[in-house]
1. Anything in segment 59-89 that is outside any strand (DSSP E or B), within 21 Å of Asn122 (Cβ to Cβ) and not polar (S, T, N, Q)? List them, or say none.
2. I'd like to know if segment 51-59 contains one or more residues that are within 26 Å of the chain's Cα centre (by Cα) and loosely packed, with under 13 Cβ neighbours inside 10 Å.
3. Kindly evaluate Ala137 against the criterion of being outside any loop (DSSP other than H, G, I, E, B), under 28 Å from Gly16 (Cα atoms), modelled with pLDDT under 95 and not aromatic (Phe, Trp, Tyr).
4. For Ile95, state whether it is β-branched (Val, Ile, Thr), in a strand (DSSP E or B) and closer than 28 Å to Gly40 by Cα.
5. Quick one: what pairs do we get from segment 99-126, first residue farther than 22 Å from Asp38 by Cβ, second of a type in the set (Ser, Thr, Tyr) and open to solvent by less than 60 Å² (accessible area, probe 1.4 Å), C-beta under 6 Å, 6+ apart or different chains?
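The values are calculated or read from the model by the stated rules, or taken from the named source; none is laboratory data. The structure displayed is predicted, hence computed values, not measured ones. Here the Cβ positions follow ideal geometry from the backbone for every residue, glycine too, while neighbour counts run over all protein chains shown. Quick note on the areas: whole protein, heavy atoms, side chains included, nothing else; ligands and nucleic acids left out. Shrake-Rupley method; radii C 1.70, N 1.55, O 1.52, S 1.80 Å.
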Amino acid sequence: MKFLDYAKIHVKAGNGGHGCIAFLREKHRPKGGPSGGDGGNGGDIIIIANSQLSTLQDLSYNKHYKAERGQHGQGNNKHGKNGQNIHVKVPCGTIIKDVKSEKIIIDLVENNQKCIIAKGGNGGFGNARFKTKSITAPRIANDGQIGEEKIIGLELKVIADVGLIGFPNAGKSTLISKISNS
């Protein structure tokens, strides 16, 4: 088994869906008014610590994670569907760093500890949200926000099972080289 203790991945959260501009038209309501629905929120990228994993090898195969975008709003006050979240499992003891700023974002040490690493964009408002007493038929709607995008480094803390302590020049290196055939 190949042991990997460092991986660099690109994560992109989903964009929010756009709001809709629509007007209600029914037989018995001649001036139905605005009925544009809101857009759905974009999906998040969530990293979960799992005690059953021991290496970052799975992340070496898939280096790009992109969450689903939120659907756009529709007429008749229909809100868009939220985007699906992406769950990335890593072993316990993983340190997550932002590659650009070299800052540590979080240290995942407990089993099932979660961290939203990239937040999805909020959905935009439809024209039904902009209706006021003076503006009864607004022709404006908001676009959805853009989801976060970043490159993160995952570093696995390795803890030794055995430690070798002794005085200098006592033959520690010689012992290890003979035992491990290095």
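1. Ala67, Glu68, Arg69, Gly70, His72, Gly73, Gly75, His79, Gly80, Lys81, Gly83
2. Yes, that holds for at least one residue.
3. Judged against the criteria, Ala137 is not a match.
4. So Ile95 does not fit the description; no.
5. Leu108/Thr94
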